[in-house]
1. Distance between the C-alpha centers of the range 328-356 and the range 120-136? Whole Å please.
2. Which one, [x] -0.33, -0.62, -0.94; [y] -0.41, -0.72, -1.00; [z] -0.27, -0.55, -0.93, gives log10 I(q)/I(0) by the Debye sum over Cα atoms at q = 0.05, 0.07, 0.09 Å⁻¹ as derived from the coordinates shown?
3. Structure shown: which of Lys250/Lys820; Lys712/Lys800; Lys109/Lys252; Lys149/Lys235; Lys103/Lys217; Lys705/Lys811 lie over 32 Å apart, alpha-carbon to alpha-carbon?
4. Could you sort out which of Lys669/Lys698; Lys611/Lys754; Lys162/Lys376 sit more than 19 Å apart by Cα distance in this structure?
5. Using the structure shown, list the pairs from Lys240/Lys429; Lys245/Lys303; Lys86/Lys814; Lys794/Lys814 with a Cα-Cα distance above 27 Å, or answer none.
6. Based on the mean of other beta carbon atoms within 10 Å per residue, what is the order of 736-748, 470-482, 66-78, most packed first?
7. Mind checking which aspartates and glutamates have their Cα closer than 20 Å to the Cα of Lys276? Skip sequence neighbours fewer than 8 apart in that chain.
8. Taking H placed 1.01 Å from N in the peptide plane, check which residues at least 5 places from Asp69 or on another chain put their amide H under 5 Å from its amide H.
Amino acid sequence: MFKKQLLVAVTMLFVITAFAQRERSSFNENWKFARFGAMPDGTTKTEPKDLDEVNFDDHEWRALNLPHDWGIEGPFRADLPNQTGKLPWAGIGWYRKVFTATKSDLSKKVFIEFDGSMSNTSVYVNGGYVGDWAYGYTSFQFEISRYLKAGNNTIAVRLNNKPDSSRWYPGGGIYRNVWLTKTNKTHIAHWGTFVTTPKVSENEATVSIETEIAGDKKGIQLLHEVFTIENNPVKVAEQKVPYFKPSNIKIKNPKLWNLETPNLYTVKTTLSKNGKVVDVYTSTFGIRSIKYNKDGFFLNGKKTVMNGVCQHHDLGPMGAAVNVRGMERQIEILKSFGVNAIRTSHNPPAPEFLELCDKMGVLVQVESFDVWAKGKVDNDYSTLYGAWHERDLIAMVKRDRNHPSVVMWSTGNELIELREGNDAPIAAKLADIIRSVDTTRPTTFGNSRPEAASNGFEKTADVFGFNYKPHMYEEFRKNNPNMPLYGSETASTISSRGEYFFPVNYDNKKSGNGGFFQVSSYDFSAPNWAYTPDVDFEAEDKYPWVFGQFVWTGFDYIGEPTPYNKDKTNLLNFSDPAEKARMKAELEKMGKQIPPRSSYFGIVDLCGFPKDRYYLYQSKWRPELPMAHILPHWNWEERIGEVTPVFVYTSGDEAELFLNGKSLGRKKKEQYQYRLMWKEVKYTPGTLKVVSYKNGKKWATDEVKTTGKATKISLTADRAIIDADGQDVSFITVQITDRKGNMVPRTHNTVSYKIEGPGEIIAVGNGDPTSHESFQATTRKVFNGMALVVVRSKKGAIGKITITATSKGLKTEKLNIKTK
């Protein structure tokens, strides 16, 4: 994995000097944890006093390692809001840990760094108050030097997740990594290097490095050395400069960072004082140029369309706790259907996420907030905005400004202030705060208000983003002929994987419900304010100067189960009067028992399994890939002789459909047509096959079959060998199949899992947005033939892991995974 490759490279370069001067180590292990206030079972537990004190007795507290998300542990509760996933994430949590400081540590600067902590974090060391950080998504660091003593020390961390503080599932706890850093008194400051590439060509690039120094600056000199990142790093340049001068280093024949070959470099900055090395600091960067103008976005001078998705931060059944392999798998799946850009909606991401995007060649819009001073729910960021917005923005930009993948900064999403032109100065101020730290990338925001395109707000953004307004692109261009434009949030089509309802509703303004709180996967369903992917595809083809879009969303996520979100806007998701009346009656009948707890928006489901829409986007975004996809499945024994429409998504331009060898006709895509539809097919068991063509030549095929009865369980691991580091995971896909190995699509068998060897099951899921089964269990129903099991290694334990899956009436299946 990338993290290990980078660690090897850094270690080879810097182990001799770096760790002699600066020590940064993981602080994740051996914590104690307890909850107070609102408890998972709905009761309340009084928070004791003096939990920060060294002598407090925590022996009955739970032992765990970080990162940790207390909310994902559940249980799901019907009385909790499904807007935030019906999980008990709100409440107070305390973490305590004993660690050792040496006598030599007392002469150094010692810092505790949190990549993210959800939320309202207070830190204490040996009973002394160190500091607070309110926002759960930004990284922060506190110096703890003056609180330390030689020998054992106690750190205590209090978090307070307030109810009604989020519009989606935020997680709870110290859910990102924590680090302990020790430096000399004079050192390079936190996030203290800023690496830019102001001049870039294939022949030569200029790498500019600015460095911030903390401590006594007398007698200071800097040495910057630039290395390639690979198994055997190569030094390509170096330069000595006084600390107060930026360094401008020329790189001959640079390896450029782009989407196809995301080459990376490391700069090793050595800080010397009076000739003695006192600090060594490393920064990863890429050599690339970005430019936006009225014609689009240009990466290294090449026009590039952003095929983007919006992503919330949870990892589905794994919750909000950071796992590098979990994030890497998400990006792999997104790239597989053509994604090349991600919007981190609506908050700063984990630093490892951006490291992965750097390495894997994905463009990123880093977003700061969901709200400004005017809130959307009672305890959201609006309660923090006045005191915290500047600190949070600066922390976000300083941490992430060296990442070549980051190409935009967003100051917020669908801000209530955008409705009024007199609040435009707020937007301008936020953009100026960002520019005070970084002027190399444009600022933007996600706008859903038509009036914000002409009431002054449009002037506060460097590039303008429209949420769900493709019909306004042409008008915007007339009024703002030179401003770069993109779809900051698009589509919001909804569907449930493997669910198909009849008769098919071809009206994309109706929600398409036809089952028990599921949504049809014929891909015509959307809330009242949204639309199908075809609308954006047409806009892209009509207006090539729109530089891209960010679909809502790449993955399903926990919370916001529109159109069943049971909030005050729920019925606004329906424009058809009959549908609206039916839904109102269902909501009144169900009361608080509305089951959905996760979204339907994803192009893939909560487990990462593709929905049909995956193939629609793939057909558009990967035109060079020979592909064809048929929907629906072909197990409809109750529909023999009834009309069962068949759709084909293909990167070809025409296709012929066959049922049991008989042609049902050949269809060609017309202009602005992105799916082929055979609307009058009458169901007959057997085989559906499609042959697609491109430019008159055979291009791709696909087929679906009526399967036999379910007889077996199939287990497939995404990786058969994982690292024995206690963090690496293998994702195991579970399928219910017939005797020939074909997945039986309408199965919902309960499957139990047993694990032996040096691993543990940390999550199970099935992609069903209505299921209240625990994510942390060893038994789970499949949903439309599929489920997921996530297995994690045990630290330092090498050997064979065996997973056994059993289900009544099905053949038992085993799978082996190795740890190394």
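Values quoted throughout were computed directly from the atomic coordinates according to the rules given, and no laboratory measurement underlies them. Just so you know, these numbers come straight off a predicted model, no measurement behind them. Cβ sites come from the backbone with ideal geometry, for glycine too, and all protein chains shown count toward neighbours.
1. 30
2. Here log10 I(q)/I(0) by the Debye sum over Cα atoms at q = 0.05, 0.07, 0.09 Å⁻¹ agrees with entry [z].
3. Lys250/Lys820; Lys109/Lys252; Lys149/Lys235
4. As for pairs spanning more than 19 Å Cα to Cα, those are Lys611/Lys754.
5. Over 27 Å Cα-Cα: Lys240/Lys429; Lys245/Lys303; Lys86/Lys814.
6. Highest mean packing first, the order is 66-78, 736-748, 470-482.
7. Glu23, Asp105, Glu212, Asp216, Glu225, Glu238
8. It is Ala321, by chain and number.
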